[in-house]
Amino acid sequence: MEPLIFAPMQGRPYLVGVAGGSGSGKTTLVRALRELLPPESTCIVSQDDYYLPLDRQTKDPSGRVNFDLPGALDLDLLADDLRCLSLGEPVYRKEYAFEQPGVQERWMEVWPAPVILVEGLFLLHHEALRELLDLKVFVEASAEAQLQRRIKRDERERSYGREEVLYKWEHHVMPAYRQYLLPYRHLCDLLVVNETRHDRALAVLCDHLGARAGVADRIVLGASSTLHYSAYNPFCRM
């Protein structure tokens with residue numbers, strides 16, 4: 001399969017970090033921004049593509065792997081890659097397949113763009129990453145809304161049974177949220193509440209990022225900007 005390639009650019013990129021809990025709608029918001037901004041004006045970097053191999057993951061007392069820890073990812077490498085992109089250099093990563101049998105990870109060649117959208121759980125927790133970001137966004141929703149989204153996504157995309165999803169939620173997801181996300185929520189520049197939709201925040205971000213990228217006159221907010229939560233792979237080109 002051919003690598004996914006983003007076009008090169010000139011000038012220093014504007015780094016936008018989108019953090020928030022599992023199922024809050026981070027990826028949906030990033031997807032909406034990517035769709036509304038001109039293709040050459042943005043690129044996406046996902047924290048998920050920096051997971052360490054399974055044999056380097058931490059197991060909980062019951063012997064189950066806990067992927068909801070900062071140590072489950074190579075966040076230092078993510079910070080290094082963002083520095084490269086900020087200098088106008090491309091980076092090369094494998095798209096993480098969430099340990100799904102039969103799913104082959106794809107190599108991606110990511111070129112910087114005027115706006116770099118970075119999404120992930122621990123962007124505000126990791127100091128080096130946090131200091132690289134020009135704009136910090138935190139997306140949140142009620143625990144019930146996030147859990148229902150997580151159940152639907154994990155059952156559909158990752159073949160997890162309901163019992164497995166609920167176990168991870170209680171023993172991995174929520175403890176990590178309380179320890180590694182909430183304490184840094186106040187450091188965000190923009191708080192997006194995504195209980196059912198995020199239209200207004202999307203419009204504000206599009207205006208701001210369009211101006212930063214010099215493409216404000218090419219953005220049209222219409223019915224298509226009203227997006228609800230859905231699982232999405234940001235590197236798949238439609």
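Name the residue, out of 11, 63, that is at pLDDT 95 or above, on the phi > 0 side of the Ramachandran plot and exposed (fewer than 14 other Cβ atoms within 10 Å of the Cβ).
Result: 63 is the single residue among 11, 63 that is at pLDDT 95 or above, on the phi > 0 side of the Ramachandran plot and exposed (fewer than 14 other Cβ atoms within 10 Å of the Cβ).
Tell me which residues, restricted to segment 15-60, are among the charged types (D, E, K, R) and either under 20 Å from residue 129 (Cβ atoms) or under 13 Å from the mean Cα position of the chain (by Cα) (or both).
26, 31, 34, 48, 49, 56 - these are the residues of segment 15-60 that are among the charged types (D, E, K, R) and either under 20 Å from residue 129 (Cβ atoms) or under 13 Å from the mean Cα position of the chain (by Cα) (or both).
The rows are residues; the columns are (1) of a type in the set (A, V, I, L, M); (2) within 17 Å of the chain's Cα centre (by Cα); (3) outside any strand (DSSP E or B).
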{"site": "121", "(1), (2), (3)": "yes, yes, yes"}
{"site": "148", "(1), (2), (3)": "no, no, yes"}
{"site": "151", "(1), (2), (3)": "yes, no, yes"}
{"site": "163", "(1), (2), (3)": "no, no, yes"}
{"site": "166", "(1), (2), (3)": "yes, no, yes"}
{"site": "178", "(1), (2), (3)": "no, no, yes"}
{"site": "186", "(1), (2), (3)": "no, no, yes"}
{"site": "212", "(1), (2), (3)": "no, no, yes"}
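Can you tell me which residue within segment 145-170, out of those that are modelled with pLDDT under 95 and acidic (Asp, Glu), is nearest to residue 96 (Cα to Cα)?
157
Which numbered condition in (1) out of contact with any Cys (no Cβ under 6 Å at 6 or more places or on another chain); (2) more than 21 Å from residue 86 (Cα to Cα); (3) at pLDDT below 95 is the only one that residue 173 fails?
(3) is the only condition that residue 173 fails.
Is there a residue being in contact with a strand residue (DSSP E or B) (Cβ under 9 Å, 6 or more places away or on another chain), on the phi > 0 side of the Ramachandran plot, not in a strand (DSSP E or B) and not aliphatic (A, V, I, L, M) anywhere in segment 94-110?
yes
Since residue 80 meets every condition but one in (1) part of a helix (DSSP H, G or I); (2) touching a residue at least 40 places away in the same chain (Cβ under 8 Å), which condition does it not meet?
The number of the failed condition is (2).
Is it the case, given these coordinates, that residue 146 is farther than 18 Å from residue 50 by Cβ, crowded, with 18+ Cβ neighbours inside 10 Å and polar (S, T, N, Q)?
Taking the combined requirement at face value, the residue satisfies it.
Would you check if there is a residue in segment 136-149 being closer than 30 Å to residue 41 by Cβ, in contact with a Gly (Cβ under 9 Å, 6 or more places away or on another chain) and basic (Lys, Arg)?
Yes, segment 136-149 contains a residue that is closer than 30 Å to residue 41 by Cβ, in contact with a Gly (Cβ under 9 Å, 6 or more places away or on another chain) and basic (Lys, Arg).
Has segment 190-197 got any residue that is without any contact (Cβ under 8 Å) to a residue 60 or more places away in the chain, assigned to a helix (DSSP H, G or I) and farther than 22 Å from residue 38 by Cα?
No, segment 190-197 contains no residue that is without any contact (Cβ under 8 Å) to a residue 60 or more places away in the chain, assigned to a helix (DSSP H, G or I) and farther than 22 Å from residue 38 by Cα.
Among residues belonging to segment 26-56 that are part of a loop (DSSP other than H, G, I, E, B) and either of a type in the set (A, V, I, L, M) or at pLDDT 95 or above (or both), point out the one that is surrounded by the most Cβ atoms within 10 Å (Cβ to Cβ).
So, considering only residues that are part of a loop (DSSP other than H, G, I, E, B) and either of a type in the set (A, V, I, L, M) or at pLDDT 95 or above (or both), the one surrounded by the most Cβ atoms within 10 Å (Cβ to Cβ) is 37.
Name every residue in segment 153-178 that is charged (D, E, K, R) and surrounded by 15 or more Cβ atoms within 10 Å (Cβ to Cβ), in order of residue number.
153, 154, 158, 168
The values are calculated or read from the model by the stated rules, or taken from the named source; none is laboratory data. These numbers come from a predicted model, not from an experiment. All Cβ positions, glycine included, derive from the backbone under ideal geometry; neighbour counts span all protein chains shown.
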